[in-house]
Amino acid sequence: TNIEKLIVSGAGGMGYGISQDVNNGIATNIKIILDFELPNATNFLVTRVNKKDIVNSLPSDLTVINANGTSKASYDGSLIYASDLEGKITKVDLTESFITNNEKMINKNISTTTLFDVQANTENGRYIYNSLEATINSDNNLWLYFGTGDSQKLQNSSNQVQNRLFGIKDKDFPSYNNVSTGTYSNCSSSGCPNSSQMGWYVDLKKSQKVTAKATIDKDRVYFPIYEPTTGSNACSTGKALLHAYDSKCGSIIANFPVKIGTGVLSEVVVQGDNLYMGISGEADKNISGFTSKDNLITGKSKAKSASGAVQIESWKENY
């Protein structure tokens with residue numbers, strides 16, 4: 001029907017084609033044509049799902065937090081946070097004592113819980129392609145920062161595209177508990193979240209999309225953003241924007257967003273009090289607060305630590 005689609009899955013490298021009769025947007029007589037006959041006992045699955053559903057995968061690196069990186073991790077092993085294309089943040093517990101069987105496989109299911117869901121579908125384009133930025137803020141909570149956007153269709157522009165930026169807390173860290181999945185309705189969009197809220201979110205305008213991982217810099221968090229062109233200029237390269245927000249309240253930092261140029265902006269790298277980022281297109285000549293040389297943009301950080309106290313802890317990700 002015109003509200004459903006097929007997901008075909010099977011052995012890697014298996015080629016196939018699809019034939020169908022289409023009339024007024026409705027497909028009938030659908031046939032899966034394989035390139036070769038499948039061996040016995042080969043799994044081949046065809047699933048019918050809603051047209052808006054996302055075919056899920058996990059394209060980004062895992063965020064792995066263990067005792068090597070923060071003293072707050074009072075456990076052996078690791079807690080893992082994974083973001084997927086469907087816009088779900090999954091917490092995985094690898095702090096248990098596992099026993100392996102004769103085949104060196106763990107003899108029980110690993111505990112997982114869905115911490116957050118951005119409620120993505122193919123129309124709002126709220127995919128998560130990038131890994132999570134994690135830190136422990138001065139409130140002693142573990143915070144995760146991320147944004148959404150279809151990296152495969154950056155130029156897609158419509159009133160249905162609605163991406164968001166998020167800063168959320170895992171209030172249970174360093175413990176693991178099965179939780180009810182949070183959504184934007186559990187977050188603040190107008191100021192610091194209260195004690196019952198998970199964090200904050202920001203609605204992006206004009207079909208804007210996040211193009212790289214967020215970056216924490218003391219009391220602020222940076223997001224690289226792409227804004228597509230529209231109308232008669234729809235085929236032209238869009239704007240590369242740098243957004244910056246207060247890490248705990250989600251309020252926009254003064255003098256941001258900054259237009260960096262045209263093209264796609266990379267992740268921001270913080271080194272000391274310097275900021276570095278790259279752009280796939282052309283940087284503007286006079287960028288407020290930044291300088292450019294070819295495709296490299298540099299600037300000075302103006303982020304501040306609260307009351308001179310240590311605000312951010314860091315860790316290594318071990319795989």
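Looking across region 65-92, the residues that are open to solvent by less than 20 Å² (accessible area, probe 1.4 Å) and more than 14 Å from LEU142 (Cβ to Cβ) come down to ALA82, SER83, ASP84, LEU85, GLY87.
Condition check for ILE136 on (1) crowded, with 21+ Cβ neighbours inside 10 Å; (2) at pLDDT 95 or above: one failure, at (2). Residue-level check: of (1) out of contact with any Asp or Glu (no Cβ under 6 Å at 6 or more places or on another chain); (2) more than 18 Å from THR90 (Cβ to Cβ), PHE166 misses just (2). Would you be able to tell me the number of residues in region 85-116 that are within 11 Å of the chain's Cα centre (by Cα) and within 21 Å of TYR245 (Cβ to Cβ)? Looking only at that region, the number is 2.
Restricting attention to region 176-217, report how many residues are in a loop (DSSP other than H, G, I, E, B) and either of a type in the set (Val, Ile, Thr) or touching a residue at least 24 places away in the same chain (Cβ under 8 Å) (or both). Summing the residues that are in a loop (DSSP other than H, G, I, E, B) and either of a type in the set (Val, Ile, Thr) or touching a residue at least 24 places away in the same chain (Cβ under 8 Å) (or both) in region 176-217 gives 19. Which members of region 167-179 meet the condition of being open to solvent by 10 Å² or more (accessible area, probe 1.4 Å) and of a type in the set (Val, Ile, Thr)? Matches in region 167-179: VAL179 only.
Yes/no matrix, rows are residues, columns are (1) in contact with a helix residue (DSSP H, G or I) (Cβ under 9 Å, 6 or more places away or on another chain); (2) part of a loop (DSSP other than H, G, I, E, B); (3) free of Cβ contacts under 8 Å to residues at least 40 places away in the same chain:
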residue	(1), (2), (3)
LEU241	no, no, yes
ALA244	no, no, yes
GLY250	no, yes, no
PHE256	no, yes, yes
LYS259	no, no, yes
GLU267	no, yes, no
VAL270	no, no, no
LEU275	no, no, no
GLY278	no, no, yes
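Just one of the listed residues (GLY199, GLY182) is closer than 23 Å to TYR129 by Cα, open to solvent by less than 20 Å² (accessible area, probe 1.4 Å) and touching a Lys or Arg at 6+ places or on another chain (Cβ under 6 Å), and it is GLY199. When region 205-232 is filtered for residues that are buried (at least 24 other Cβ atoms within 10 Å of the Cβ) and aliphatic (A, V, I, L, M), the ones remaining, listed by number, are VAL210, ALA214, VAL221, ILE225.
Residues that are assigned to a strand (DSSP E or B), out of contact with any Ser or Thr (no Cβ under 7 Å at 6 or more places or on another chain), exposed (fewer than 12 other Cβ atoms within 10 Å of the Cβ) and at pLDDT below 80 do occur in region 32-48.
Of the numbered criteria (1) in a strand (DSSP E or B); (2) among the hydroxyl-bearing types (Ser, Thr, Tyr); (3) at pLDDT below 95, the one SER232 fails is (1). Against the criterion of being open to solvent by less than 80 Å² (accessible area, probe 1.4 Å), at pLDDT below 70 and of a type in the set (S, T, N, Q), ASN56 does not qualify. Answer with yes or no whether TYR222 is closer than 23 Å to LYS304 by Cβ and in contact with a Leu (Cβ under 9 Å, 6 or more places away or on another chain). Criteria met by TYR222.
The values are calculated or read from the model by the stated rules, or taken from the named source; none is laboratory data. Values in this document were obtained by computation on a predicted structure and should not be read as measured data. FYI the Cβ positions are ideal-geometry reconstructions off the backbone, even for glycines, and counts take in every protein chain you see. Areas reflect the complete protein model, heavy atoms only, side chains present, ligands, DNA and RNA absent. Shrake-Rupley method; radii C 1.70, N 1.55, O 1.52, S 1.80 Å.
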